[in-house]
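This report concerns only the one structure given below.
The values are calculated or read from the model by the stated rules, or taken from the named source; none is laboratory data. Only a predicted model underlies this, so the values are computations on that prediction, with no experimental measurement involved. Every residue, glycine as well, gets a Cβ built from its backbone with ideal geometry; the counts of neighbours run over all protein chains shown. The area values use the complete protein model at the heavy-atom level, side chains included, leaving out ligands, DNA and RNA. Shrake-Rupley method; radii C 1.70, N 1.55, O 1.52, S 1.80 Å.
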Amino acid sequence: MKSNLSSLPPQWGCIAMGLLRPTHKTRSGFRRASLGTLLLIGGGVAGLLIGMPKLHQSLTAEQAPQELTCVELLQGGIPTDTAVVTLTDAVVHPPGKINTDNLDGENAVTPALGGITKLLADPRAEKLVDRLVRGDVLPRGIPKRGDYQPLKLSLGRQIAELAQEEIGKTGKLTVHVSADPTSRWVSQAAGLLSIELPEKLAKQAEMPAYTLHPASLIGSRRDAMFWVGGGAVAMVLGFILCGSAPLGWWMFVSPIGAVLGLPGIFIRNGRGNFLTWFLGIIVGGASLAGAYHLAVTMGGFGQASGTWWLAAAGLLAGCFGTAAILGTCLSFRNRRRGGLGADQLANLGVDSNSKPRRNAAPQTNEVSKPVQLQSMIAKPEYARRYLDPKLSVSIEMETAEEVSTQTKSLEKLQFDAPLIIEVCAGEHTCTGTVQVGCQNMVMATTDEYEGDMHIRMTSVLEDGHLVVSSDGRDGRLVEPINGDATSVRIYEVTKAAKLVTKHLEEAAKIAEKRKTTLVMLDPSEWRDIIHYSERSLAATLRDAHHEKWDITNAHYGRFNFPPTPVTMPAMV
């Protein structure tokens, strides 16, 4: 059976009953954050650590090389007009094999370092080690010693072998020179952590160090742009996915994604308003400006004396700024389209930044409908046919933490254990909970939808009249209504126990006024009660000119619409 909710806007499909939330909310957040984290890590490695050095080298590869000796390079630093240098007296000392001697005994290294050394010396790790080791470059005639060498080739044993071959053929080595700040970073990190470094390491941090990459091995600019562009796109998507993931238990499983997604919490899922959108654009623009300053002004990207790691920091800032602007635009678009989120009630006449007003004028969501359809709906004689939604017991027996808290509080009031159900509303499937209690005179429905808790209490009188109490956050119920089929009451409460008390007091007053009593409900009748209450509530909202429905007669077990006396009544 096709649900009547399929003719409503998408957000109505999940909130029309006031007790439903998407089953995939938490899992969707985990998927988004996990995928976003993987994209950020992969994009960072590809764009920042691989792409930016390649691009910096390719941009400066066409500069005319300048001949220098190793000592002149160390004393004068990188030339101002070129980053390509021909070392006339260079000798390459390839990296040696890992020495496993003296790992035991009195002169052994620390147990932890010894264990790592043994692991790297394993033949199965040989290929990995060959990619991580670096060859040393020294002036001709100076023997290699075991101390620190300021001139090192880029990573890879094969690079050292190719550099040796070039020196053997030409007697010179043409390389791309870039500063190596590793020792300085180690010293600064130790200072921040109040760790005292050995005097030898402290002196090494004060010495200039350079990484040499053979000019013959510099890749094409197109290849470098591929790495940078692909990494940047991956990082932007990663930031957006982490920033759009609804918060949940997955934060403990994927803390990186949770931390990276915090900047997007104010505009998440269309929740933003003008102020948050404005701030998002400002933050994004400031990040793009900072990216240019880091990469070009400070990093000198593409220049002879440029620093690739500052340019990489600029790329990261630029990706964050782009993600902030795109995320703001998506939030604005989602808000305009009435997308799912905390602002899903905005098009229904409810202010998302305040509690629903009891006398708020109801509005309809006509923004996204075609003009012809809007004009047809606006006609007084137009009405949609009401059809019952499909209800079933949920296979996944789990609820959100806030829903669980409310259902447990009801169990303390002698309500039944919560039954988790699913409702099929058109193409949308949502989940809610049902409990019957107070000597089986009240049916409680609770749910958590995109961060908002919805609570509803329903009782049936002997004459078939319904009493419905809402916590004031249901998008359909924004004001008290005294209808022929249903009496609606709104209470601005956040706890189910308080709503039960107020509901019983009002139900007793209405029953006394109508000279009837409350009907005892059987927990197995939950389907009949929900269908009956929804059809009666739709008729009441129609009579109050809040909605337009073509509602036909129906019966659900011992409940009949239009309301008729219910069999087997019971007094309190």
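Computed quantities for the displayed model
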read-out	value
Per residue accessible area in Å² of the stretch 142-236, where ligands, DNA and RNA are left out and the probe is 1.4 Å	60
Share of carbon and sulfur in the accessible heavy-atom surface of the stretch 148-238 [1.4 Å probe, %]	61
Extension gain from Ala286 to Arg140, taking 0.36 nm per residue of separation minus the Cα-Cα distance	47.6 nm
Two-site label geometry, Glu398 and Asp550: point separation in nm, points 7 Å out along Cα→Cβ	4.3
Per-selection Rg to Rh, the stretch 519-572 - Cα, Kirkwood hydrodynamic radius	1.02
Accessible area, probe 1.4 Å, largest first, for residues Cys438, Cys430	Cys438, Cys430
Area of Leu48 that stays accessible when all protein chains are in place (1.4 Å probe, Å², to 10)	30
Listed pairs Lys408/Lys495; Lys412/Lys495; Lys513/Lys548; Lys412/Lys513; Lys152/Lys203; Lys54/Lys152 exceeding 19 Å between Cα atoms	Lys513/Lys548; Lys412/Lys513
Extension gain (nm, one decimal) between Leu38 and Asp81, 0.36 nm per residue minus Cα-Cα	11.5 nm
Which of Trp308, Trp277, Trp185, Trp526 is most accessible, then next, and so on - probe 1.4 Å	Trp185, Trp308, Trp277, Trp526
Solvent exposure ordering (accessible area, 1.4 Å, most first) of Cys242, Cys424, Cys329	Cys329, Cys424, Cys242
Per residue accessible area in Å² of the stretch 456-544, where ligands, DNA and RNA are left out and the probe is 1.4 Å	36
Surface accessible to a 1.4 Å probe, Ile41 within the full protein complex, Å²	90
For Gly300, distant residues with modelled amide H under 5 Å away	Thr307
Nearest-10 value in Å² for the accessible area of Phe274, using the 1.4 Å probe	150
Percent of C-alpha pairs per 5 Å bin, the stretch 138-194, short to long	4, 13, 18, 23, 18, 10, 7, 5, 3, 1
